[in-house]
Amino acid sequence: MLVAKGIIKSYGNLKVLRGVDLSVERGQILGLMGVNGAGKTTLISILAGLTRPDAGDVHIGGVDLLRHRRQAARHIGVAPQALGIYPTLTVQENLDCFAGLAGYSGRKARSRTAEIARLMGLQDLLDRPAGHLSGGQQRRLHTGMALLGHPDVLFLDEPTVGSDVQSREVLLSIVTHMANEGTAVIYTTHYPAELEQLDATINVLVNGRITVTGSVQEVTGQWASSSIFLHFRGKTPEVDGWKEDRGGLVPIRPVSDPGQMLGQTLSTLGAAAGGLDDVRITRPSLEAAYLAITGDHALAEKEASDVVAA
């Protein structure tokens with residue numbers, strides 16, 4: 001549904017994007033991750049047709065976005081990080097305004113705004129000024145306005161910022177619903193657990209480049225591992241393959257099968273296993289993988305810069 005190739009963007013001497021290739025199909029959720037300043041917002045702005053790249057191509061639904069922006073824009077819905085609601089207008093008036101911009105009028109507009117209000121859980125708040133909504137409710141209204149035009153490609157930039165737990169769950173369920181309906185979703189967030197819940201395809205942007213892509217399972221499998229922590233009453237025993245940490249023992253090397261390793265260790269401990277009073281097993285997480293990716297690539301970039309400088 002969306003294909004981008006060789007996207008380059010600089011501001012003066014600052015190279016923000018350095019040749020980004022990216023694609024997302026109908027019904028797919030693409031999770032775009034990266035540290036602040038990695039270029040996520042700039043990339044979203046280019047893919048949504050709001051900013052022109054210095055080089056590269058973007059096609060949406062087979063339409064060249066850079067040459068036929070107006071035609072391509074019919075396929076796009078955008079909910080940027082900055083709220084786009086009018087605080088003095090009611091929820092209904094906000095929806096009406098954006099329904100008009102999406103080409104709706106009369107009975108069709110009323111039907112579509114009512115549908116979006118129900119989808120976003122705002123049907124009982126239609127007469128309330130948007131500025132009087134909670135942060136999570138404002139986020140839902142903001143996202144709902146991006147859905148009014150039945151977009152084929154939906155851009156959500158940090159959609160749960162400022163949301164409470166309930167609103168976050170509502171938004172995530174809506175994103176899943178939209179994908180199941182065939183919408184291609186590009187979703188940026190600093191909360192890896194959200195992308196795990198959405199079972200998104202992960203793209204990690206580091207220093208203006210997509211450095212890692214894959215499913216949640218593929219990325220965590222490659223970049224993260226399980227961890228085990230053992231705590232003992234009294235003196236901590238010495239065990240081959242383990243080291244002391246936080247008053248207990250942790251494995252020296254990455255753990256692929258924590259159950260097997262724990263069983264082998266308990267057998268090795270013998271009588272000393274009777275002093276074991278706490279076992280904690282942590283499964284690989286996308287957050288751990290993300291921290292490893294960004295830390296590893298940042299170190300590589302620094303080392304490369306040091307070599308050039310030398």
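Here are some notes:
- Any hit, the range 5-16, residues being in contact with a His (Cβ under 8 Å, 6 or more places away or on another chain), assigned by TED's automatic domain parsing to the domain that holds Leu154 and either crowded, with 22+ Cβ neighbours inside 10 Å or outside any strand (DSSP E or B) (or both): no
- Failed criterion for Ala102 (all others in (1) surrounded by 15 or more Cβ atoms within 10 Å (Cβ to Cβ); (2) within 21 Å of the chain's Cα centre (by Cα) hold): (2)
- A single entry from Lys15, Lys108, Lys5 fulfils the requirement of being of a type in the set (Lys, Arg) and touching a residue at least 60 places away in the same chain (Cβ under 8 Å): Lys15.
- The sole residue among Pro159, Pro129 that is closer than 30 Å to Thr88 by Cα, surrounded by fewer than 21 Cβ atoms within 10 Å (Cβ to Cβ) and touching a residue at least 40 places away in the same chain (Cβ under 8 Å) is Pro129.
- Among the candidates Ala82, Ala72, residue that is in a helix (DSSP H, G or I) and either acidic (Asp, Glu) or modelled with pLDDT under 95 (or both): Ala72
- Qualifying position, being closer than 20 Å to Pro159 by Cα and surrounded by fewer than 16 Cβ atoms within 10 Å (Cβ to Cβ), among Ala82, Ala38, Ala48, Ala55: Ala82
- With respect to the conditions (1) touching a Leu at 6+ places or on another chain (Cβ under 8 Å); (2) surrounded by fewer than 22 Cβ atoms within 10 Å (Cβ to Cβ), Arg140 falls short on a single one, namely (2).
- Of the criteria (1) more than 17 Å from the chain's Cα centre (by Cα); (2) surrounded by fewer than 14 Cβ atoms within 10 Å (Cβ to Cβ), which one Val63 fails: (2)
- Looking only at the range 27-69, and only at residues there that are closer than 15 Å to Tyr187 by Cβ and touching a Gly at 6+ places or on another chain (Cβ under 6 Å), the one that is modelled with the highest pLDDT: Gly27
- In the range 202-223, residue surrounded by the most Cβ atoms within 10 Å (Cβ to Cβ) [restricted to those that are in contact with a Lys or Arg (Cβ under 8 Å, 6 or more places away or on another chain) and assigned to a strand (DSSP E or B)]: Leu205
- Selection status of Leu122, at pLDDT 95 or above, buried (at least 18 other Cβ atoms within 10 Å of the Cβ) and hydrophobic (A, V, I, L, M, F, W, C): yes
- Any chance Val250 is surrounded by 14 or more Cβ atoms within 10 Å (Cβ to Cβ), in contact with a Phe, Trp or Tyr (Cβ under 6 Å, 6 or more places away or on another chain) and either assigned by TED's automatic domain parsing to the domain that holds Arg18 or not small (Gly, Ala, Ser) (or both): yes
- Put simply, of Thr160, Thr113 the only residue that is part of a loop (DSSP other than H, G, I, E, B) and out of contact with any strand residue (DSSP E or B) (no Cβ under 9 Å at 6 or more places or on another chain) is Thr160.
- Only one of Leu266, Leu262, Leu230 that is surrounded by 21 or more Cβ atoms within 10 Å (Cβ to Cβ) and not assigned by TED's automatic domain parsing to the domain that holds Gly77: Leu230
- Residues of the range 20-69 that are touching a residue at least 24 places away in the same chain (Cβ under 8 Å), assigned to a loop (DSSP other than H, G, I, E, B) and either touching a Pro at 6+ places or on another chain (Cβ under 6 Å) or more than 25 Å from Ala102 (Cα to Cα) (or both): Gly34, Val35, Ala38, Gly39, Pro53, Asp54.
- Selection count, the range 266-287, where residues are assigned to a helix (DSSP H, G or I) and either basic (Lys, Arg) or at pLDDT below 90 (or both): 10
The values are calculated or read from the model by the stated rules, or taken from the named source; none is laboratory data. Here the structure is a predicted model, which means the values were calculated and not measured. All Cβ positions, even for glycine, are placed from backbone atoms using ideal geometry, and neighbour counts span all protein chains on display.
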